[in-house]
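Participant: Structure incoming, see below.
The values are calculated or read from the model by the stated rules, or taken from the named source; none is laboratory data. As the structure is a computational prediction, the values presented were derived from the model and not from experiment. Neighbour counts are summed over all protein chains in view; Cβ atoms, including those assigned to glycine, are modelled from backbone coordinates with ideal geometry.
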Amino acid sequence: MLVLHEACCRESSSARLWTLYAVQAWRAGRRQDAEDALKQALWLRQRERAPEKTRVTRALLASLASGCVSVRLAVA
């Protein structure tokens, strides 16, 4: 997880890296870190004008805020 966080700091404009870090932080029980990372990813997605990815990031934030204890991601 530390490597992911360092990668986010080096490549701070990568919404993908911030989302990956958020998921790992969430799985590790570090909810505040996950929320912060998802907010950063959301801001970047909005700036990229990527509506579908923005929608998914918002859904992840909503799940975290609603108290979900785990996250499952489906890869298409």
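Participant: Scan GLU35, GLU6, GLU52 and give me the residue that is assigned to a helix (DSSP H, G or I), modelled with pLDDT under 90 and among the charged types (D, E, K, R). Talk me through it step by step, then tell me what you get.
Facilitator: Numbers: GLU35 fails: modelled with pLDDT under 90; GLU52 fails: modelled with pLDDT under 90.
Going through GLU35, GLU6, GLU52 in turn, just one is assigned to a helix (DSSP H, G or I), modelled with pLDDT under 90 and among the charged types (D, E, K, R): GLU6.
Participant: Could you check the stretch 1-33 and list, in sequence order, the residues that are of a type in the set (D, E, K, R) and closer than 18 Å to LYS53 by Cα? Walk me through how you get there before you give the answer.
Facilitator: From the stretch 1-33, those of a type in the set (D, E, K, R) are 6, 10-11, 16, 27, 30-31, 33; that's our starting set.
Result: ARG16, single match.
Participant: Out of the residues in the stretch 38-49 that are among the basic types (Lys, Arg) and part of a helix (DSSP H, G or I), which is farthest from the chain's Cα centre (by Cα)?
Facilitator: Going through the qualifying residues, I end up with ARG47.
Participant: Can you work out which of the residues in the stretch 17-32 that are without any contact (Cβ under 8 Å) to a residue 24 or more places away in the chain and part of a helix (DSSP H, G or I) is nearest to VAL3 (Cα to Cα)?
Facilitator: The residue in question is TYR21.
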